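The values are calculated or read from the model by the stated rules, or taken from the named source; none is laboratory data. As the structure is a computational prediction, the values presented were derived from the model and not from experiment. Ideal geometry is used to build each Cβ from the backbone, glycine not excepted, and the neighbour counts take in all protein chains shown.
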Amino acid sequence: MIELHQFEASHYCEKVRLILDYKQLPYNTVEVVPGVGQIELYRLSGQRQVPVLKDGAMVVADSTAIATYLDETYPERPVLPADGAMRGLCLMLEDWADESIGPNARKAMIGAFSQHPSFRTALLPASTPDVLKGLVSAVPGDLLNLLGTGVGFGPDDIKTATLILQRALTSICGVLAERPYLVSDQPTLADFAIAGISMYLKFPAQRYVDLPEGLCGNGVPGLADAPEYESFWVWRDRLYADYRQVRSGPPRESGSGPVKIGIE
């Protein structure tokens, strides 16, 4: 059985989970505990970052390397095009997703948490009294913004990130107006990379990822609900509905643990 060593809320790990589901490969996930768990991960893979895939005696780190390994080992339903030009385009789009869309999406989501009370209360346990939820909602957004100052999450950084994301979504919508997927008539690594990252901008309504239940269907205002990006969200939700497996079992209780984002 394939093992995926992961952080549940990492978009790099979600990319790999999408690929595994698309290829219809059964797998187990091993949640890495930040700190102590990463020491064990180093012993396994020689590095501390997720995702790491273990397939029998084979251990592969890095989401792009994992995708390549899965295509070579399990060639059914490939995610990397055979054509050289299309393969190059696919890898460029994936790199754009990882290096630009991903970091800016995290900043936009931090901004949404700081500016919109509904995001903050969504992380609380369902049993939290309404009076306490009200206190959390009343925490000034400016105070939360201070938490990001100096680490790239200040108000100006979030504004710049939002503008970059608006341009990215406009470009993607333009491509999707001409074809069903970003590179070819079948989904590729580029599609799964961008779809995985998009959960930072709008969490799927279905429970594909084990996050607090209150986050399902919520998104960054101005990006998740803007009419000009509707075609992108229709595409993303169709991709998930067609290929991603909905999680079974009870949902994780809101507030039951930290939501880790932005760790590769």
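Return yes when residue 55 is modelled with pLDDT of 95 or more, among the acidic types (Asp, Glu) and closer than 17 Å to residue 6 by Cα and no when it is not. In short, yes.
Is there a residue in the range 45-64 that is touching a strand residue (DSSP E or B) at 6+ places or on another chain (Cβ under 6 Å) and among the acidic types (Asp, Glu)? Break it down stepwise before answering.
Keep residues of the range 45-64 that are touching a strand residue (DSSP E or B) at 6+ places or on another chain (Cβ under 6 Å), which gives 45, 47, 50-55, 60-61.
Remaining after also requiring among the acidic types (Asp, Glu): 55.
Yes, there is a match, as at least one residue in the range 45-64 is touching a strand residue (DSSP E or B) at 6+ places or on another chain (Cβ under 6 Å) and among the acidic types (Asp, Glu).
Selection of first residues in the range 226-246 that are assigned by TED's automatic domain parsing to the domain that holds residue 187 and of second residues that are small (Gly, Ala, Ser) and part of a loop (DSSP other than H, G, I, E, B), restricted to Cβ pairs under 9 Å at least 6 apart or on distinct chains, gives the following pairs, ordered by first then second residue: 231/177; 233/224; 237/205.
Regarding residue 120, is this residue at negative phi, at pLDDT below 95 and outside the structural domain of residue 184 (by TED's automatic domain parsing)? For residue 120, the condition - at negative phi, at pLDDT below 95 and outside the structural domain of residue 184 (by TED's automatic domain parsing) - is not met.
Does residue 6 satisfy the condition of being at positive phi and in contact (Cβ under 8 Å) with a residue 24 or more places away in the chain? Even if it seems obvious, please write down each step before you answer.
Values: at positive phi: no; in contact (Cβ under 8 Å) with a residue 24 or more places away in the chain: yes.
Judged against the criteria, residue 6 is not a match.
For the range 69-84, the count of residues that are part of a helix (DSSP H, G or I), under 27 Å from residue 171 (Cα atoms) and hydrophobic (A, V, I, L, M, F, W, C) is zero.
Restricting attention to the range 45-68, and to residues there that are farther than 17 Å from residue 10 by Cβ and free of Cβ contacts under 8 Å to residues at least 40 places away in the same chain, which single residue is surrounded by the fewest Cβ atoms within 10 Å (Cβ to Cβ)? Here the answer is 57. At pLDDT below 95, exposed (fewer than 14 other Cβ atoms within 10 Å of the Cβ) and among the polar types (S, T, N, Q) - does that describe any residue in the range 182-189? Within the range 182-189, not a single residue is at pLDDT below 95, exposed (fewer than 14 other Cβ atoms within 10 Å of the Cβ) and among the polar types (S, T, N, Q). Restricting 71, 98, 83 to residues that are over 15 Å from the mean Cα position of the chain (by Cα), surrounded by 18 or more Cβ atoms within 10 Å (Cβ to Cβ) and either farther than 19 Å from residue 4 by Cβ or not aliphatic (A, V, I, L, M) (or both) narrows the list to 71.
Could you check residue 50 against (1) among the hydrophobic types (A, V, I, L, M, F, W, C); (2) in contact with a Leu (Cβ under 6 Å, 6 or more places away or on another chain); (3) not assigned by TED's automatic domain parsing to the domain that holds residue 160 and say which number it fails? Unmet for residue 50, out of (1) among the hydrophobic types (A, V, I, L, M, F, W, C); (2) in contact with a Leu (Cβ under 6 Å, 6 or more places away or on another chain); (3) not assigned by TED's automatic domain parsing to the domain that holds residue 160: (2).
Within the set 41, 53, 25, the sole residue that is in contact with a Lys or Arg (Cβ under 8 Å, 6 or more places away or on another chain) and of a type in the set (A, V, I, L, M) turns out to be 41.
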